[in-house]
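The values are calculated or read from the model by the stated rules, or taken from the named source; none is laboratory data. Since we're looking at a predicted model, the values are computed, not measured. Cβ: placed from backbone, ideal geometry, glycine included. Neighbour counts: every protein chain shown. Surface accessibility is based on the protein's heavy atoms, side chains included, excluding ligands, DNA and RNA. Shrake-Rupley method; radii C 1.70, N 1.55, O 1.52, S 1.80 Å.
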Amino acid sequence: MKLRPKRVSSEMHAPNRDAEDLWAEIEKLHEQNFAWALVCCKRNRQEAEDVLQTTYLKVLDGRARFSAEGRLKTWLFAVIRRTAAGRRRQRVVREGLLNVVGLFRRSGVADSNPEGEALDSQRGRLLRRRLAGLSLRQRQVLELVFYQDLSIEQAASVLGVTLGTARVHYDRGKKRFAELLALEEGEHELRA
């Protein structure tokens with residue numbers, strides 16, 4: 001998948017070498033970026049695709065600039081998280097306004113992704129259910145550390161929290177996750 005858009009205007013200049021290198025690195029991280037966008041969008045595939053597209057556009061048009069002081073992956077994950085949060089805020093405001101006007105009707109149908117569910121293993125579904133039992137911040141820190149191979153310090157940077165806060169959420173999240181898994185195993189043994 002190509003991330004660079006086709007040049008439409010002759011007024012646009014050819015990208016410099018640094019920009020080409022940046023896009024090459026972003027292309028290498030695309031799968032991980034999409035996985036993190038899915039987490040930020042509560043596994044809604046369409047929303048994650050939109051968030052990732054918007055993130056890439058922010059990088060292209062200069063609204064998001066990598067300063068090369070940190071890791072590209074950490075910076076990009078932070079941009080993805082902020083983009084997803086911005087889209088959520090826009091949706092909440094829009095829905096709230098529509099509710100006030102009386103135009104918005106909730107269907108009550110939960111978003112589902114049958115394709116994704118069919119592809120997931122039973123173990124993956126179990127782990128995801130247990131992760132869902134954690135607080136949002138604990139879940140985000142654990143997913144960044146374990147699934148995205150970030151350090152706790154990098155996860156703190158992505159989430160916009162202090163290192164101490166990230167460490168607390170990481171520690172509490174691991175403990176709670178272990179409790180939830182032990183509870184599941186105990187229930188399984190009682191049924192057997």
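Each label point was placed 7 Å from the Cα along the Cα-to-Cβ direction; for residue 45 and residue 87 their separation is 1.5 nm. Using a probe of 1.4 Å, the accessible surface attributed to residue 25 totals some 80 Å² when neighbouring protein chains are kept in position. Net charge of the neighbourhood of residue 165, taken over other residues with C-beta under 14 Å away and scored Lys/Arg +1, Asp/Glu -1, is +1. Taking Cβ atoms as reference points and 11 Å as the exclusive limit, the residues near residue 150 contribute a net charge of -1, counting Lys and Arg as +1 and Asp and Glu as -1.
Across the protein chains, with a 1.4 Å probe defining accessible surface, the residues 61, 18, 50 rank 18, 61, 50 from largest area downward.
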